[in-house]
Number of protein chains: 4
Amino acid sequence: MIRVTVWNEFEHEQVNEQIAAIYPEGIHGAIAGGIAQDGLSIRTATLDQPEHGLTEAVLDETDVLIWWGHRAHNKVSDDIVNRVHDRVLKGMGLIVLHSGHFSKIFKKLMGTSCDLKWREAGDKERIWVVDPAHPIAEGLGQYFEIEHEEMYGEHFDIPAPDELVFISWFEGGEVFRSGCTYHRGNGKVFYFRPGHETYPTYHNKDVLRVISNAVHWAAPRHGVRQTYGNAKPLEPIKGHQ
Amino acid sequence: MIRVTVWNEFEHEQVNEQIAAIYPEGIHGAIAGGIAQDGLSIRTATLDQPEHGLTEAVLDETDVLIWWGHRAHNKVSDDIVNRVHDRVLKGMGLIVLHSGHFSKIFKKLMGTSCDLKWREAGDKERIWVVDPAHPIAEGLGQYFEIEHEEMYGEHFDIPAPDELVFISWFEGGEVFRSGCTYHRGNGKVFYFRPGHETYPTYHNKDVLRVISNAVHWAAPRHGVRQTYGNAKPLEPIKGHQ
Amino acid sequence: MIRVTVWNEFEHEQVNEQIAAIYPEGIHGAIAGGIAQDGLSIRTATLDQPEHGLTEAVLDETDVLIWWGHRAHNKVSDDIVNRVHDRVLKGMGLIVLHSGHFSKIFKKLMGTSCDLKWREAGDKERIWVVDPAHPIAEGLGQYFEIEHEEMYGEHFDIPAPDELVFISWFEGGEVFRSGCTYHRGNGKVFYFRPGHETYPTYHNKDVLRVISNAVHWAAPRHGVRQTYGNAKPLEPIKGHQ
Amino acid sequence: MIRVTVWNEFEHEQVNEQIAAIYPEGIHGAIAGGIAQDGLSIRTATLDQPEHGLTEAVLDETDVLIWWGHRAHNKVSDDIVNRVHDRVLKGMGLIVLHSGHFSKIFKKLMGTSCDLKWREAGDKERIWVVDPAHPIAEGLGQYFEIEHEEMYGEHFDIPAPDELVFISWFEGGEVFRSGCTYHRGNGKVFYFRPGHETYPTYHNKDVLRVISNAVHWAAPRHGVRQTYGNAKPLEPIKGHQ
């Protein structure tokens with residue numbers, strides 16, 4: 001059983017009727033419902049909850065955290081960001097979606113500006129699989145399309161991904177590295193581009209398939225507990241004579 | 001159910017009593033027995049069988065192929081090498097062990113000489129985990145030791161691995177990239193260093209754990225069937241005016 | 001002084017008047033002329049010369065080899081391919097252009113099919129810089145365009161590049177990893193996509209800039225001469241007791 | 001001309017006579033003197049200077065910044081760290097030495113804990129070249145040795161390097177990824193392990209050779225000025241109907 005927490009800042013849906021109509025249960029609700037399956041235990045958490053819904057107790061029971069944020073990045077407390085960061089390094093999987101590229105947690109993990117080009121003009125997006133051996137691409141065709149989406153264009157200021165799974169083509173002439181994996185400490189991080197709040201992207205079955213695949217990929221293994229700091233020699237050393 | 005075929009040239013064990021005493025069922029038998037578990041269906045194949053035991057029918061039923069060879073690399077027919085190569089690109093996992101670094105199939109997949117330094121002098125080997133987030137390191141400690149092994153030393157003439165999971169320390173002063181992953185086409189390849197025929201390495205539980213983990217990692221997903229060649233446009237193009 | 005040899009199969013230009021009109025000096029002549037600069041010593045070689053113009057003597061004086069081929073890949077002798085392969089592993093730089101993706105030397109170095117989608121329909125191509133820190137991108141803008149080119153589309157069946165410098169957008173809806181670097185042994189390899197024979201691509205100043213940058217990047221350093229094979233211990237070992 | 005600034009916290013040398021005897025000009029002085037050559041313009045800067053010697057004016061004239069710190073990481077102001085971070089993303093090269101693994105700037109750029117195992121016991125260190133094609137390995141042998149050094153051992157909690165150039169063997173039984181390259185934004189970062197303050201490591205000609213090579217590798221190119229933010233389409237889009 002993989003325990004998933006879907007986190008959403010959950011603001012747009014409460015102040016914009018059009019967005020609320022697309023996501024009546026919130027973006028978190030749409031994702032949680034859309035990836036529901038045997039073997040996953042899914043809960044949601046939102047910004048307005050105590051500790052943003054990400055208490056130590058909740059994170060103790062979270063194998064993979066999914067993150068959606070946009071207009072409220074700065075309302076996320078640094079303490080919670082540091083807590084999530086620590087959990088990732090200890091093994092928790094993290095899936096960052098779309099505008100989460102500018103979240104505090106993603107920028108902290110990447111070490112770069114995470115800036116990009118963008119345009120809200122309803123571009124067609126076509127997402128190509130460029131690493132067909134990757135488990136996150138399981139069950140997809142050679143590409144899938146989203147009829148209208150916000151455009152994100154290169155240069156995307158991120159570290160070169162450990163693995164590049166998807167590249168997007170946009171109608172308006174841009175490309176984007178849309179599916180990027182990273183190992184950070186004992187944890188795995190996946191960035192996935194689509195999901196602007198004004199489009200029904202999280203009802204798209206291919207998008208949900210990718211998120212579901214990523215959950216399985218990012219789930220921690222019972223693993224190596226690293227120790228750090230002063231270490232006794234494992235072999236005899238001559239040292240200073 | 002993951003279907004595994006353990007391939008071994010199976011020569012040393014038939015001509016050297018000391019090696020036969022270590023591996024009475026052959027190296028393939030030791031590995032097949034050592035990784036046996038629910039969820040794996042394991043068979044073996046050897047050089048002296050028709051088509052080296054790697055008929056189209058056998059490969060049709062193989063998700064992951066494990067390869068051990070040393071003195072008989074040149075006895076492996078190019079046709080079978082090409083067949084295995086084609087299967088890897090179509091999605092079959094391949095785990096290449098120890099002296100398999102000089103096998104035809106590994107050199108063909110890597111594109112380099114795959115040469116290295118070596119010494120048969122019973123060095124102690126200590127294998128360190130350098131990517132604790134990797135599923136192939138699942139369940140291991142921070143390192144594991146092999147009391148006596150053949151030394152392999154850098155420079156190891158391979159492409160930079162997609163992911164470097166293990167680095168070996170040798171008593172005699174060398175280091176080695178001992179666990180290396182690669183995606184090739186739809187398939188996954190893992191090179192794992194230990195396993196000289198004169199040592200009981202494939203009875204070591206950590207070594208078997210790594211091979212078992214690698215089988216799970218390398219198993220193909222139901223996946224993207226790529227098409228290649230001439231392609232109609234997906235969008236209108238103006239082309240030559 | 002970097003010594004460059006521009007190799008071209010030089011067939012299209014001799015049998016097709018339209019192509020000859022674009023490249024009156026041959027594709028090799030256009031490239032050699034286009035990248036001429038202080039600090040480079042440039043010669044050309046073609047398929048119809050003895051040993052395809054790639055004698056040991058010529059390669060002794062070649063720091064970086066540029067390769068263009070298309071319809072005559074199979075006319076290149078395996079001996080010469082093996083010779084070039086050996087030189088790359090020993091440190092010679094290799095720049096493979098466009099349809100050279102299917103050349104024997106590139107396939108041998110990559111270990112994969114190197115297959116892709118293609119279309120000769122005059123698509124507009126826009127080449128985006130995705131690694132602005134890379135020396136091969138020096139002096140370029142954020143992207144550059146080629147008004148009409150042959151389309152190459154993903155999935156491009158290559159190993160994940162060590163560094164991905166460019167991604168192409170095509171008018172007809174595809175994307176492509178158009179600038180890919182690899183280290184192989186002591187040598188460096190760069191694949192660069194543009195350059196179909198029916199277009200004046202090698203007269204484009206940005207394309208020439210990239211090739212010139214790649215020559216500087218790929219030039220060998222006075223470097224580490226690796227040795228391989230049996231090695232004496234550098235430290236005392238206890239070995240077998 | 002490449003303009004280099006060697007930064008050192010410069011504390012140990014002022015409070016410890018033994019260290020002062022090894023580095024009478026400070027560690028910064030030893031490095032600046034040791035890599036002096038035609039084509040490099042070198043200055044130094046230290047913690048106790050105004051703005052730690054890293055004013056906007058100094059950074060305007062810095063192509064590559066070399067960083068040594070150990071006991072005073074927390075005395076470096078966040079403002080200066082952010083300034084240096086911004087400069088790296090805009091193209092300034094950064095070379096982080098030894099205990100700089102725990103500096104604020106390195107941790108911020110890496111996004112991980114950067115923790116490791118360590119021991120001050122005078123281990124012999126042998127640094128192996130594992131990427132002989134890399135310009136940072138130019139002119140070295142297959143390995144070089146440091147008679148006594150502080151041990152750093154895996155797991156080193158960093159992102160997988162873009163390129164792994166060196167691996168260290170330690171007498172006491174550990175290994176370490178000792179030469180790691182990263183692209184971050186328009187800038188290049190190199191981490192190089194050796195250099196504990198109580199050893200004359202920065203008088204070692206191989207160590208100085210590596211630092212000098214890294215300066216050349218990390219120097220910025222006249223390059224792509226990326227723009228970010230809202231972007232007009234480059235092609236007609238149909239958008240919302």
Subject >> Buried solvent-accessible surface, both chains (A, B), 1.4 Å probe, Å² to nearest 100 >> reply: 2700
Original post:
Per 10 Å bin, what percent of the C-alpha pairs of the protein assembly as shown does each bin hold, from zero upward?
Top reply: 2, 11, 21, 25, 22, 13, 4, 0, 0
Original post:
Taking a probe of 1.4 angstrom, what is the accessible area of A:L164 in Å², to the nearest 10?
Top reply: 30
Original post:
When all protein chains stay in place, what accessible area (Å², nearest 10, 1.4 Å probe) is found for A:K108?
Top reply: 80
**OP:** List the residues of the range B:142-156 that lose 30 Å² or more of accessible area once all protein chains are present, compared with their chain alone (1.4 Å probe, heavy atoms only, no ligands or nucleic acids).
**Re:** B:Q142, B:H148, B:E154, B:H155
Subject >> Formal net charge of residues neighbouring C:E150 (Cβ-Cβ distance under 10 Å; K, R +1; D, E -1) >> reply: -3
**OP:** Mind jotting down the distance between the C-alpha centroids of the range D:1-77 and the range A:177-212, whole Å?
**Re:** 43
Subject >> Cβ-placed point charges (K, R +1; D, E -1), dipole of chain A about Cα centre in debye, nearest 20 >> reply: 1100
Original post:
Just the accessible area for D:H203, please: 1.4 Å probe, Å², rounded to the nearest 10?
Top reply: 100
**OP:** For the range B:47-125, count the residues as N, evaluate 2.2 N^0.38 Å, and divide the Cα radius of gyration by that value, please.
**Re:** 1.17
Subject >> Built amide H within the under 5 Å cut-off of C:G91, gap 5+ >> reply: C:N186, C:G187
Subject >> Quarter of the Cα convex hull surface for the range C:123-166, i.e. its orientation-mean projected area (nm²) >> reply: 3.7
Subject >> Shielding of D:173-181 by partner chains, average beta-carbon count, 10 Å >> reply: 5
Subject >> Overall form of the range B:1-89 per C-alpha gyration tensor (a/c, 1.5; a/b vs b/c) >> reply: oblate
Subject >> Inter-chain Cβ neighbour average for residues A:80-90, partner chain, 10 Å >> reply: 1
Subject >> Stokes-Einstein translational diffusion, the range D:152-198 - Kirkwood Rh over all Cα pairs, 1.306 mPa s, 10 °C, in µm²/s >> reply: 136
**OP:** Count charges around B:A32 for me, please; just the other residues with Cβ under 10 Å from its Cβ, Lys/Arg as +1, Asp/Glu as -1.
**Re:** 0
Original post:
Share of antiparallel DSSP beta bridges in the range C:2-218, in percent to the nearest 5?
Top reply: 55
Subject >> Amide H contacts of A:A160 (H built 1.01 Å from N, under 5 Å, at least 5 apart or other chain) >> reply: D:H183
Original post:
What part of the accessible area of the range B:2-218, given as a whole %, is carbon or sulfur when the probe is 1.4 angstrom?
Top reply: 46
Original post:
Can you list the residues, at least 5 places off or on another chain, whose amide H is less than 5 Å from the amide H of B:W118, using H built in the peptide plane?
Top reply: B:G153, C:G229, C:N230, C:A231
**OP:** On a 0 to 90° scale, report how tilted helix B:205-218 is relative to the longest principal axis of chain B, with both axes built from alpha carbons and the result rounded to the nearest 10.
**Re:** 10
Subject >> Computed FRET value (nearest 0.05) for A:D60 with A:L234, which takes r as the C-beta separation and R₀ as 41 Å >> reply: 0.80
Original post:
Distances over 17 Å make up what percent of all Cα-Cα pairs in the range B:89-135?
Top reply: 57
Original post:
What spacing in nm lies between the two simple spin-label points modelled at D:D78 and A:Q14, each 7 Å away from Cα in the Cβ direction?
Top reply: 2.7
Original post:
Can you give the accessible area per residue of the range D:2-218, in Å², using a 1.4 Å probe?
Top reply: 29
Original post:
For B:P24, which inter-copy label distances result when the label point lies 7 Å beyond Cα on the Cα-to-Cβ vector, reported in nm to one decimal and in ascending order?
Top reply: 7.0, 7.3, 8.3
Original post:
If one takes the longest principal axis of the Cα atoms in chain C, at what angle in degrees, from 0 to 90 and to the nearest 10, does the Cα axis of helix C:78-90 lie?
Top reply: 60
Original post:
Calculated from DSSP H runs of 4 or more alone, at -39500 (n - 2.57) each and per residue, what is the 222 nm mean residue ellipticity of chain C, nearest 500?
Top reply: -6500 deg cm²/dmol
Subject >> Hydrodynamic radius by Kirkwood, which averages 1/r over all alpha carbon pairs of chain D, in angstrom >> reply: 18.6
Original post:
In what sequence, largest accessible area first, do C:H148, B:H222, C:H196 appear using a 1.4 Å probe?
Top reply: B:H222, C:H148, C:H196
Original post:
Once the other residues with Cβ under 13 Å from the Cβ of A:F10 are scored (Lys, Arg +1; Asp, Glu -1), what is the net sum?
Top reply: -4
Original post:
How far apart are the C:R43 label points across copies, placing each 7 Å from Cα toward Cβ, in nm, shortest first?
Top reply: 4.8, 5.6, 7.3
**OP:** Taking the Cα centre of the range C:65-181 as origin, work out the dipole magnitude from +1 charges on Lys and Arg Cβ and -1 charges on Asp and Glu Cβ, in debye rounded to 20.
**Re:** 600
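The values are calculated or read from the model by the stated rules, or taken from the named source; none is laboratory data. In this text, all values refer to a predicted model and were calculated from it rather than measured experimentally. Cβ atoms come from the backbone with ideal geometry, glycine included; neighbour counts cover every protein chain shown. For the accessible areas, the whole protein counts, side chains as well, though only heavy atoms, and no ligand, DNA or RNA atoms are used. Shrake-Rupley method; radii C 1.70, N 1.55, O 1.52, S 1.80 Å.
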